[in-house]
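The values are calculated or read from the model by the stated rules, or taken from the named source; none is laboratory data. Just so we're clear, the structure is a prediction, and the values are computed from it rather than from any experiment. Note: ideal-geometry Cβ built from the backbone for every residue, glycine included; neighbour counts use all protein chains shown. Surface areas here come from the heavy atoms of the whole protein model, side chains and all, with no ligands, DNA or RNA. Shrake-Rupley method; radii C 1.70, N 1.55, O 1.52, S 1.80 Å.
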Amino acid sequence: MCRIFYFQIPMKTKILMVCLGNICRSPLAEGILKSKVDTTHYLVESAGTGGWHVGALPDPRSISIAKKHGLDITDQRGKKFSTYDFEIYDHIFVMDNSNYRDVIRLAKNDSEKQKVKLILNEIFPGENVDVPDPYYGGDNGFEQVYQMLNEACEKIMSRL
């Protein structure tokens with residue numbers, strides 16, 4: 001007699017962080033949130049609305065600021081956001097209003113649109129504040145972005 005055993009496989013909550021190029025802000029947000037959640041229950045990834053950096057490492061300044069705070073984000077590679085991501089992810093956090101418009105434009109229905117949120121609305125509810133893009137700024141901009149994202153990720157983690 002053959003017995004079949006069915007094991008309940010826990011479903012992970014899937015979270016996607018999105019910025020423009022997926023080399024500065026969203027890789028930091030991914031690394032920060034990953035460090036705060038139990039990765040057996042949560043999948044955290046990142047993507048960019050543009051495809052210029054597909055397959056590339058995060059910006060060296062993002063890697064450096066993450067390392068300064070005890071995080072290693074060198075396992076990440078750039079990915080471009082696609083409509084398929086609406087099917088995969090439960091929550092999509094975008095870094096600024098431009099990213100929000102770009103992602104919402106790709107949504108096919110209200111259910112997909114409801115998944116998309118500005119990440120800083122976690123700490124500034126309803127204010128629609130952008131995470132500034134530190135790419136053309138100095139190293140201090142990366143520290144400021146890290147601090148903003150860290151605070152927002154704390155709120156996300158406590159709500160999840």
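Overview of results
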| item | result |
| --- | --- |
| Conditions (1) in contact (Cβ under 8 Å) with a residue 40 or more places away in the chain; (2) surrounded by fewer than 18 Cβ atoms within 10 Å (Cβ to Cβ); (3) of a type in the set (A, V, I, L, M, F, W, C): number failed by residue 11 | (1) |
| Residue in region 20-39 that is modelled with pLDDT under 95, within 11 Å of residue 78 (Cβ to Cβ), in a loop (DSSP other than H, G, I, E, B) and open to solvent by 10 Å² or more (accessible area, probe 1.4 Å) present | no |
| Failed item in (1) in contact (Cβ under 8 Å) with a residue 40 or more places away in the chain; (2) over 12 Å from the mean Cα position of the chain (by Cα); (3) within 28 Å of residue 108 (Cα to Cα), with residue 22 passing the rest | (2) |
| Exclusive hit being in contact with a strand residue (DSSP E or B) (Cβ under 7 Å, 6 or more places away or on another chain), without any contact (Cβ under 8 Å) to a residue 40 or more places away in the chain and over 21 Å from residue 155 (Cβ atoms), set 104, 88 | 104 |
